[in-house]
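The values are calculated or read from the model by the stated rules, or taken from the named source; none is laboratory data. Fair warning: this is a prediction, and the values are worked out from it, not measured in the lab. Backbone-built Cβ (ideal geometry, glycine too); neighbour counts: all protein chains shown.
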Amino acid sequence: MARIELNKVSVVFPVVDARRQSLRHQLVSIGLGRRIGEDHRHRISIRALSDITLTFENGDRIALIGGNGAGKSTLLRVLAGVYEPTRGEIWREGRLASLLDINFGMEPDCTGYENIMMRGLYLGISFSTLKARIEEIAEFAELGDFLAMPLRTYSSGMNFRLAFSISTCIEPEILLMDEWISAGDMQFVKKIECRLQDFVGRSGITVLASHDTDLLQRTCNKAVLLEDGRIIKIGTVSEVLDCYWNRPAAECSVMGWTASASSAVVPHDG
């Protein structure tokens, strides 16, 4: 059974001052008798997530709601294992299917068939499974003889078709999506819609970040409201959307405490 637990997860990104890293600046610092890196305490960091504690169970369809910069994409990448928490712990149980960057791992100088194998292996699909499903992937992508040609000869739409076909060939247990995918020509968009609906239906847990409220209400049964990397409210999609649109953040409470917005920029610890 699919399950995800996050315990007080925080993610902090240090912001590097490029000017201080330049050779000219280092030489000037040496000339002035300063030790290189002396001013490291003045660096700042972006606190992308702060003390996130959540549990997702099998059957959950989670909507991540919040404005730009709220932390939705960062949380998805933590769930996918792309980002390691700066503090806190995360446990995942179940096969992961991530549609966060479906082009990642694609090699332009390799053929479509070769990319099916490489992208599939990157996703954790076994070699034997890929061999058994390669014709299914090829049929869905509708690229014909182009699959024997290097990816660099593809248009962006053809590239997307192949990447999407590979990424959705497995039986998902945990599905992560950042916005609903609707790229390509109209005929292929219809295939995508059907595939995604089926993908969500077969998954144990789906976590979807989107600004499309109609989509979130159709697809999800729970929601998490984020602001400045903090959880503001957890509830049904309607409850969380009501909190997001109609009330100040200070009035939306979760787990017995009242959330208040805090600065996302904090001094770097090291």
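The lone criterion from (1) assigned to a loop (DSSP other than H, G, I, E, B); (2) modelled with pLDDT under 90; (3) surrounded by fewer than 17 Cβ atoms within 10 Å (Cβ to Cβ) left unmet by residue 121 is number (1). Being surrounded by 20 or more Cβ atoms within 10 Å (Cβ to Cβ) and part of a helix (DSSP H, G or I): is that true of residue 137 here? Yes; evaluated as a whole, the condition is true for this residue. Which one is surrounded by the fewest Cβ atoms within 10 Å (Cβ to Cβ) among residues in the range 90-118 that are of a type in the set (A, V, I, L, M, F, W, C) and closer than 25 Å to residue 2 by Cα? Selected residue: 91. Quick check on my filter: what residues within the range 140-166 are at pLDDT 90 or above, under 28 Å from residue 77 (Cα atoms) and either surrounded by fewer than 17 Cβ atoms within 10 Å (Cβ to Cβ) or not aromatic (Phe, Trp, Tyr) (or both)? The answer is 141, 151, 152, 155, 158, 159, 161, 162, 163, 165, 166. Residue-level analysis places residue 100 among those that are under 25 Å from residue 218 (Cβ atoms) and outside any strand (DSSP E or B).
Scanning the range 175-199 for residues that are at pLDDT 90 or above and within 21 Å of residue 240 (Cβ to Cβ) gives 175, 176, 177, 178. As a summary of the residue check, residue 66 satisfies the conditions (1) in contact (Cβ under 8 Å) with a residue 60 or more places away in the chain; (2) out of contact with any strand residue (DSSP E or B) (no Cβ under 8 Å at 6 or more places or on another chain); (3) crowded, with 17+ Cβ neighbours inside 10 Å except for the one numbered (2).
Of the residues that make up the range 225-243, is at least one in contact (Cβ under 8 Å) with a residue 60 or more places away in the chain, β-branched (Val, Ile, Thr) and more than 11 Å from residue 65 (Cα to Cα)? Checked the range 225-243: no residue is in contact (Cβ under 8 Å) with a residue 60 or more places away in the chain, β-branched (Val, Ile, Thr) and more than 11 Å from residue 65 (Cα to Cα). Here 128, 73 are screened, and the one residue that is of a type in the set (Gly, Ala, Ser), in a helix (DSSP H, G or I), over 23 Å from residue 200 (Cβ atoms) and at pLDDT 90 or above is 128. For the range 196-210: of the residues being of a type in the set (Ser, Thr, Tyr) and over 13 Å from residue 170 (Cα atoms), which is surrounded by the fewest Cβ atoms within 10 Å (Cβ to Cβ)? Among those that are of a type in the set (Ser, Thr, Tyr) and over 13 Å from residue 170 (Cα atoms), it is 210.
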